[in-house]
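*Asks:* Below is a structure I'd like to ask you about.
The values are calculated or read from the model by the stated rules, or taken from the named source; none is laboratory data. Because the structure is a prediction, the values reported are computed rather than measured. Cβ placement follows ideal geometry from the backbone for every residue including glycine, while neighbour counts extend to all protein chains displayed. Just the protein is used for accessible areas: all its heavy atoms, side chains included, with ligands, DNA and RNA removed. Shrake-Rupley method; radii C 1.70, N 1.55, O 1.52, S 1.80 Å.
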Amino acid sequence: MDNRPVGIFDSGLGGLTAAAEFKKLMPRESIVYFGDTGRMPYGVRPVSEIKIIAQQNLDFVRSRGVKAVIAACGTISSTADDILAACALPVCGVLKPGVKALCGGQYKTVGVIATATSINSGAYQREINALRPDMGVIAAGCPKFVPLIEQGRYSPEDEEVMAAIEEHLAPMKARGVQAVLLGCTHYGLIGAALRKFFGPEVDFISASQTAAAEMAAYIQENALAAQNPGEDSYYTSGSAREFELLGKLFLGRDISGLVDFVPPAPVR
Ligand code: DGL
């Protein structure tokens, strides 16, 4: 038994999709969530900056006394694996669990969508090739998605959302992918719009969902489940008020009055 919370962080609201999945699986666990909205988006930053940010975010959630961490960010998971691996606490990124689920399927041709930095790192493609060298992989960076989603814009009725999807993903659709890995934790929100675009035949695998399931399994297998959890807490380096308003959509529950501001740290 371990009553300490689980730390979860991302560049902003996207990681709340992993938090929601984790709480669904482990309702008795408490979480410390850090959304780095003040420094969002990560996905267009150079790798050198992402590594610094990854260390700072780990240090922050560790300072809140967590027992384990979900790095709920595809960009950090694909470019700062060394930083995550060096942490003294158990850390679960989103890349490996998502890739494992994708590669477990009977697919011949798959798509991977994530931020530009994640896709340019080649980490998703390498990891899939290592597990399933027979699988055709089409990867696409989608830099227009996160800024739209952070404004609460992800509806399939929103023309700008559908135009961004068309712009980033028309070539992938034309290749006839059978499954798409959502390699950025923000993309769960845009799921209905992606479904409209790709049609009902294509499967979607969420990196948020698979990472949450991996952390839940780790806690259970290692007898680390909480018996008397504390309260969940939320921190943002952006506007706490905005985080509360939009966070409700991502998390599926009201977090009014629960979000504290922490000033964004310098990256250089
Ligand atoms: N949600 C993050 C990811 O999974 C970061 C998105 C961003 O800030 O660009 O990559």
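*Asks:* Based on the Kirkwood radius over alpha-carbon pairs, what is the Stokes-Einstein translational diffusion coefficient of the chain at 25 °C with 0.890 mPa s viscosity, in µm²/s?
*Replies:* Details: Rh = 18.3 Å.
Once the numbers are plugged in, D ends up at 134 µm²/s.
*Asks:* While we're here: By how many nm would the segment from Asp59 to Leu89 grow when fully extended, if each residue of separation counts as 0.36 nm and the alpha-carbon distance is taken off? The partial results should precede the final answer.
*Replies:* On the way: separation 30, 0.36 × 30 = 10.80 nm, distance 1.07 nm.
In short, 9.7 nm is gained.
*Asks:* What is the sum of charges, Lys and Arg at +1 and Asp and Glu at -1, for the other residues whose Cβ falls under 13 Å from the Cβ of Gly230?
*Replies:* 0
*Asks:* So how strong a dipole does region 191-268 carry about its Cα centre when Lys and Arg Cβ are +1 and Asp and Glu Cβ are -1, to the nearest 20 debye?
*Replies:* For region 191-268, the charge dipole is close to 300 debye.
*Asks:* How would you rank 143-156, 59-72, highest first, on the average number of other Cβ atoms within 10 Å across their residues?
*Replies:* In descending order of packing, they fall as 59-72, 143-156.
*Asks:* Could you tell me the center-to-center distance, by alpha carbons, between region 139-159 and region 31-50 in angstrom?
*Replies:* Using only Cα atoms to place each centre, the spacing works out to 17 Å.
*Asks:* Here's another thing I want to ask about it. Among 234-243, 103-112, 126-135, what's the highest-first ranking by average C-beta atoms within 10 angstrom per residue?
*Replies:* The peptides rank, most packed first, as 234-243, 103-112, 126-135.
*Asks:* Related question: Leaving out ligands and nucleic acids, note down the accessible area per residue over region 75-188 with a 1.4 angstrom probe, in whole Å².
*Replies:* Accessible surface, normalised per residue, equals 41 Å².
*Asks:* Measure nothing fancy, just the Cα-based angle from helix 207-221's long axis to the longest principal axis of the chain, in degrees from 0 to 90, nearest 10.
*Replies:* Helix 207-221 sits at roughly 50 degrees to that axis.
*Asks:* Now for a separate question. Hey, can you rank 160-168, 225-233, 94-102, 36-44 by average C-beta count inside 10 Å, highest first?
*Replies:* Those peptides, ordered most packed to least, come out 94-102, 36-44, 160-168, 225-233.
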